[in-house]
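Notes for the one structure printed next.
Derivation of every value follows stated rules applied to the coordinates shown; laboratory data play no part. On a predicted model such as this, the values are computed, not experimentally measured, just so you know. Methodologically, a virtual Cβ is constructed for each residue, glycine included, from the backbone with ideal geometry; neighbour enumeration extends over all protein chains shown.
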Amino acid sequence: MQIKSILEDRKVAAQSVLIEISIRDYLKLAKQIYKNNEFQRKRVRNSKSVYSLLKRDILHGCVIPPIVLAYTRDKGTLERDLEQAINNDGTHFVLLDGLQRSYTLMDIEAETTEGSNVQNEFLDRMIRCEIYEGINRIGILYRMLTLNTGQTSMSVRHQIEIMYQDFLHTSPDGITLVREVDEGRARQPNSYNFREIIEGFNSYLDRNESQLDRGDVLENIASLENLAKENDGRDIFRIFLSAWHAFILKIGTLGLEYPESDEDSSDELEDSIRQLWGATGVQIFKKAQAVSGFGAAIGLLRDDDPEVALDNLELELIVIGAEPDEFMVNFNQIIEAINSKAKRIGNAQRLFFRQFFRMLFWKQSGCYLNLSKALEEGYKGALRIGI
């Protein structure tokens, strides 16, 4: 094995080290690391896939594209002793791109007779690996996303989970974040959908309530880098989640329930409830559109007034400002009106919630901490902007 070139990657502040290595030596490393990344794409199991064809081609001498690895030790480590790093430092390697090719190489080794000329010739053949040396966490995630352009592309949901996986371990005590990949639903009062919270947090960072797409995930890395530098030890994500949870808990204490009609049969009542935006206060707000609107609103208010902060919102002073059932009816009617007027319903709902929360937490709005007044003015504001 030997180093062929070293280039500086300024985007991820790492060195790109191109090496040539025998398949035999690479597989010793690959078998240690291929399961280390829990967010890697799953193996493609289609007999007609390009990977099945690749197996035959490799045996015939096909040169495969470089496999891309991350190496988290300091720059210069590989140059000092490449063989030692490859053979003994597996815990510091991460497979970024080439999982399917690695599976194919392992399959060929397993399917050829041990010690045969065919197997030895295969294992002695050289391949290329590109190793990002001295790369940090953000750099690894960035490269994983930018390299994911092949046949088995990741969904936006999967990309978001990769981007923010560390946040699953930073939630405040008593709060559970549920990932979609776990097929869990955030039904308990203290549980939230991971992606929805991340989108709300992103809305706070960007001051924009719009949904995330692939480009946004990549662009938001700059925001994360800035947070890492300017956080001063404060965990902004944790503060954001705590603020949203405290708001939901406050809403839960207000007794907000949609009124039942004495004229409705039980079946009609169930149908009516299913058609509502929310039958309780918590159901109204515990949605992706609401948390995104909340994040964008607080971020915008903070831009105008640095005294506004997630951890001093005076949530305990929130009042309904009307009878609970009246508020619930009005809220559901406004959402229904938005849905009937909007060209893009999801965007319109997010805009409404942004305006609602701006009115609710802006001290000069005339609606400060009054849910009913904020509802009315938030709707008017959304109409003025255009839904």
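For the range 81-114, the residues whose amide N sits under 14 Å from a probe point set 7 Å from the Cα of Ser22 along the beta carbon direction are 83, 87.
The protection proxy used here, the mean number of other Cβ atoms lying within 10 Å of each residue, ranks peptides 277-287, 339-349 as follows, highest first: 277-287, 339-349. Remark: spin-label model distance Leu315-Lys55 equals 5.4 nm, labels positioned 7 Å along the Cα→Cβ axis. In sequence order, the range 186-195 has phi-based couplings of 7, 8, 6, x, 9, 10, 9, 5, 4, 5 Hz under the Karplus curve 6.51 cos²θ - 1.76 cosθ + 1.60, θ = phi - 60°, and Gly or Pro positions carry x. Couplings for the range 242-259, taken from phi via the Karplus curve 6.51 cos²θ - 1.76 cosθ + 1.60 with θ = phi - 60°, read 5, 5, 5, 4, 5, 5, 4, 4, 4, 4, x, 8, 8, x, 7, 9, 5, x Hz in order; Gly and Pro are left as x. Each listed q (0.18 Å⁻¹) maps to a log10 I(q)/I(0) for the range 2-147, found by the Debye formula over equal Cα scatterers with no solvent: -1.08.
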